[in-house]
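Every read-out reported here was derived from the displayed coordinates using simple, explicitly stated rules and does not represent laboratory data. In this text, all values refer to a predicted model and were calculated from it rather than measured experimentally. No Cβ is skipped: glycine too gets one built from the backbone with ideal geometry, and neighbour counts run over all protein chains shown.
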Amino acid sequence: MPEAEQSIVQEFAFELALCAHLETSEQAVLGRQLGTQVHGRRVMDVVRIEPGPAFDERTAITPESIPSLAIESDVGPGTARYWKDAFDCHPDTAEQVIERAVDVGFFERERRNSRTYVRQTTRYPDWFDTVVGIENKPDLGRPGDLETQLLTDVALSLVDKIVLATESYVTGAHRNRIPPEVGIWRFDPETGDREILREADQLPVDEAGIEILDRSSARTEIRVASAGAIERARRRVAERAYGKGWRTYDLPDCEQMAPDDAGLPYCPWKGETVRPATECGPDCGGYCSGDAPSVDFDALRAQRSPWEPDPAGRKRRQSGLDSFL
Ligand code: SF4
């Protein structure tokens, strides 16, 4: 396997092992590979959303992500509003957002004089607290653009804390290259041992941030992200993490596949966690065509985290719907 591909596979296995460890050790919502940018493009390896005061109110709405534009619209929980007056975007987009928000139970709509009016089924709650961004670099000998990524995260301050997670021995030289605000964890994916080498600082998430868009050219290109834009981006990432979780991979249709208790795609033939999207299929020497193992990822997530797959409010709505059928 080429070195770059090997590194991606190693990072994938490390990331899943870390997510499985964090899921059982802390009551939080975890997401993988989520955008933590305002204007640019930054994909954070793992995002940990710590529950806030109204977490239960959020779990009661829907197990899925609530669309950001629905939350940011002028649709409130009181009087229903004519939909065209409540959105500051293209009508086609607004219609799609309304459809989705109704589907997930955040909006309800009614018809008056051939017009559609919408309202929130409940006020959007203040459900999350600290947002931690975790950048995984199992092998610090192959840092890639780690330094720029971490500098960008600190300057933007969209997440409350940034942590670098590695399997490598961390030397003084490594520490000096990592911005001082960034925490450092040493994590062993085989044993699940995690050692906090340096605590992460709280970043100023309530203020405007500076987003580094390009640091590769002769001059650095930056853009200011307003406090409001950061607040919206934080909510967007929290919603995506809540809806998607971290088991966002498919298990392969290979009889060798033997997922572990946490649902990690372990392959006994290779003797390790594999990355199904790139390692599995007829080209693999151990491939035995069969059915993909049936693992209920939602049930696993519900057992191991505060995410609620079937909230009571949703059930009430569904049974209410049934009575009209
Ligand atoms: S395709 Fe290969 S790597 Fe994937 S589960 Fe089967 S034997 Fe293992």
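Working out 0.36 nm times the residue gap between ARG142 and ALA218, then minus their Cα-Cα distance, what length gain in nm do you get to one decimal?
Values: separation 76, 0.36 × 76 = 27.36 nm, distance 2.37 nm.
Length gained, ARG142 through ALA218: 25.0 nm.
Excluding PRO265 itself, calculate the net charge of residues whose Cβ lies under 14 Å from the Cβ of PRO265, where each Lys or Arg counts +1 and each Asp or Glu counts -1.
Numbers: positive: ARG32, ARG247, LYS270, ARG275; negative: GLU15, ASP250, ASP253, GLU255, ASP260, ASP261, GLU272, GLU279.
Net local charge, PRO265 excluded: -4.
What list of ³J(HN,Hα) values in whole Hz, one per residue of the range 50-59 in order, does the Karplus curve 6.51 cos²θ - 1.76 cosθ + 1.60 (θ = phi - 60°) give from phi, with Gly and Pro shown as x?
Couplings: 8, x, x, x, 10, 4, 4, 5, 5, 5 Hz.
Extension gain CYS284-ASP92, at 0.36 nm per residue separation less the Cα-Cα distance, in nm? Show your work: numbers first, answer last.
On the way: separation 192, 0.36 × 192 = 69.12 nm, distance 4.46 nm.
My answer for the length gained is 64.7 nm.
Build a GNM of the chain with springs between Cα atoms under 10 Å: which of ASP260, ASP92, ASP56 gets the top mean-square fluctuation?
Judging by the Gaussian network model, the answer is ASP92.
Run the simple label-point estimate for ARG177 and GLN27 please: 7 Å along Cα→C-beta, distance reported in nm.
According to this spin-label approximation, the distance is 4.0 nm.
Against the longest alpha carbon principal axis of the chain, how many degrees, from 0 to 90 and to the nearest 10, is the axis of helix 91-103 turned?
80 degrees
How big, on average over all directions, is the shadow cast by the Cα convex hull of the chain, in nm²? Before the final figure, lay out each step's value.
On the way: hull surface 81.4 nm².
Taking a quarter of the hull surface, the average projection is 20.4 nm².
Counting only helical runs of four or more DSSP H residues, what would the 222 nm mean residue ellipticity of the chain come to if each run contributes -39,500 (n - 2.57) and the total is spread over all its residues? Before the final figure, lay out each step's value.
Details: 10 runs with 104 residues, N = 325.
Computed mean residue ellipticity for the chain: -9500 deg cm²/dmol.
What do you get for chymotrypsin sites (Phe, Trp or Tyr not before Pro) in the range 162-238 restricted to DSSP loop and a cutoff of at most 14 other Cβ within 10 Å of the site's Cβ?
Details: sites: TYR169, TRP185, PHE187; in loops: TYR169.
Passing sites in the range 162-238 are TYR169.
Once amide H atoms are placed 1.01 Å from N in the peptide plane, what residues at a sequence separation of 5 or more from GLY52, or on another chain, have their amide H within under 5 Å of its amide H?
Under 5 Å from the amide H of GLY52 lie the amide H atoms of PHE128, ASP129, each far enough along the sequence or on another chain.
Determine the sum of side-chain charges near ALA233: Lys and Arg each +1, Asp and Glu each -1, restricted to other residues whose C-beta is under 15 angstrom from that of ALA233. Numbers along the way, then the final one.
Details: positive: ARG41, ARG42, ARG223, ARG232, ARG234, ARG235, ARG236, ARG240; negative: GLU72, ASP153, ASP160, ASP206, GLU207, GLU211, GLU231, GLU239.
That sum, taken over residues with Cβ under 15 Å, equals 0.
Which whole-number percent is the relative contact order of the chain (Cα, under 8 Å, 6+ apart)? List each step's numbers first, then the result.
Values: 594 pairs, mean separation 68.0, N = 325.
So the answer I get is 21 percent.
As an exercise, use a Förster radius of 30 Å and the Cβ-Cβ distance of THR191 and ASP298 to find the FRET efficiency, rounded to the nearest 0.05.
Working: r = 28 Å, r/R0 = 0.92.
Once rounded, the FRET efficiency stands at 0.60.
Using θ = phi - 60° and the Karplus form 6.51 cos²θ - 1.76 cosθ + 1.60, what ³J(HN,Hα) does each residue of the range 286-295 get, whole Hz, x for Gly and Pro?
Coupling constants for the range 286-295: x, 4, 10, 4, x, 7, 5, x, 8, 10 Hz.
Once you've got the GNM for the chain with C-alpha springs shorter than 10 Å, pick whichever of CYS89, CYS267, CYS280 has the biggest mean-square fluctuation.
Top of the fluctuation ranking is CYS89.
In degrees from 0 to 90, rounded to the nearest 10, what is the angle of the helix 146-156 Cα long axis to the longest principal axis of the chain?
Its long axis makes an angle of about 30 degrees.
If you keep only loop residues by DSSP, which GluC sites (Glu not before Pro) in the range 168-277 have at most 13 other Cβ atoms within 10 Å of their Cβ? It would help to have the intermediate numbers written out before the result.
Details: sites: GLU181, GLU190, GLU195, GLU199, GLU207, GLU211, GLU221, GLU231, GLU239, GLU255, GLU272; in loops: GLU181, GLU190, GLU199, GLU207, GLU255.
Hits after loop and neighbour filter: GLU190, GLU199, GLU207.
Assign one of three labels to the range 67-119, namely rounded, prolate or oblate, based on the Cα gyration tensor with a ≥ b ≥ c the square roots of its eigenvalues; rounded applies when a/c is under 1.5, prolate when it is not and a/b is larger than b/c, and oblate otherwise. Provide the component values of the computation, followed by the final result.
Values: a/c = 1.38, a/b = 1.19, b/c = 1.16.
Rounded shape, in that the Cα axes give a/c under 1.5.
Label point 7 Å out from ARG115 along Cα-to-Cβ: which residues of the range 54-93 have amide N under 20 Å?
73-93
For the range 126-203, just say rounded, prolate or oblate: build the C-alpha gyration tensor, square-root its eigenvalues into a ≥ b ≥ c, call rounded for a/c under 1.5, and beyond that prolate if a/b exceeds b/c, oblate if not. Mind dumping the intermediate values first?
Details: a/c = 1.95, a/b = 1.28, b/c = 1.52.
Here the range 126-203 falls in the oblate category.
Once the piece of chain linking THR130 and ASP250 is laid out straight, how much longer is it, given 0.36 nm per residue of separation minus the C-alpha distance between them?
On the way: separation 120, 0.36 × 120 = 43.20 nm, distance 2.95 nm.
Length gained, THR130 through ASP250: 40.3 nm.
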